[in-house]
Amino acid sequence: MVQAVVVRVLVAVGQAVEPGQGLIVLEAMKMENELRATTAGVVAEIRSAAGQAVEKGQVLVEFAPAAGA
């Protein structure tokens, strides 16, 4: 199984995010990939940190619904 390493976390707990906004940058097989939000929401918990190895399917960021949603 291919692992990835978290390069950067681009959001903070409590931060509102919009669809398409960058959340985390991962490096896998010498390529960087930016994970982006698919919907609006608020970051409730960050379950990863820069330098951490992560695997497919692992939850990296938890969200709460955006205010008014």
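The values are calculated or read from the model by the stated rules, or taken from the named source; none is laboratory data. Owing to the predicted nature of the structure, the values given are computational and were not obtained by experimental measurement. As a convention, Cβ positions derive from the backbone with ideal geometry for all residues, glycine included, and neighbour counts pool all protein chains shown. Surface areas here come from the heavy atoms of the whole protein model, side chains and all, with no ligands, DNA or RNA. Shrake-Rupley method; radii C 1.70, N 1.55, O 1.52, S 1.80 Å.
Here is a check on your reading of the model: is L35 open to solvent by 60 Å² or more (accessible area, probe 1.4 Å) and in a strand (DSSP E or B)?
yes
Going by the conditions given, is E27 open to solvent by 50 Å² or more (accessible area, probe 1.4 Å), without any contact (Cβ under 8 Å) to a residue 60 or more places away in the chain and over 26 Å from A67 (Cβ atoms)?
Yes: the conditions hold for E27.
Of the numbered conditions (1) assigned to a strand (DSSP E or B); (2) surrounded by 12 or more Cβ atoms within 10 Å (Cβ to Cβ), S48 fails exactly one; give the number of that condition.
Exception for S48: condition (1).
For segment 51-69, which positions are in a loop (DSSP other than H, G, I, E, B) and either open to solvent by 80 Å² or more (accessible area, probe 1.4 Å) or among the small types (G, A, S) (or both)?
G51, E55, K56, G57, P65, A66, A67, G68, A69, listed by residue number.
Could you list all residues from segment 11-24 that are in a loop (DSSP other than H, G, I, E, B), in contact (Cβ under 8 Å) with a residue 24 or more places away in the chain and surrounded by 13 or more Cβ atoms within 10 Å (Cβ to Cβ)?
Taking segment 11-24 first, the residues in a loop (DSSP other than H, G, I, E, B) are 11-15, 18-21.
Then drop every residue that is not in contact (Cβ under 8 Å) with a residue 24 or more places away in the chain, which leaves 11-15.
Of everything in segment 11-24, those that are in a loop (DSSP other than H, G, I, E, B), in contact (Cβ under 8 Å) with a residue 24 or more places away in the chain and surrounded by 13 or more Cβ atoms within 10 Å (Cβ to Cβ) turn out to be V11, Q15.
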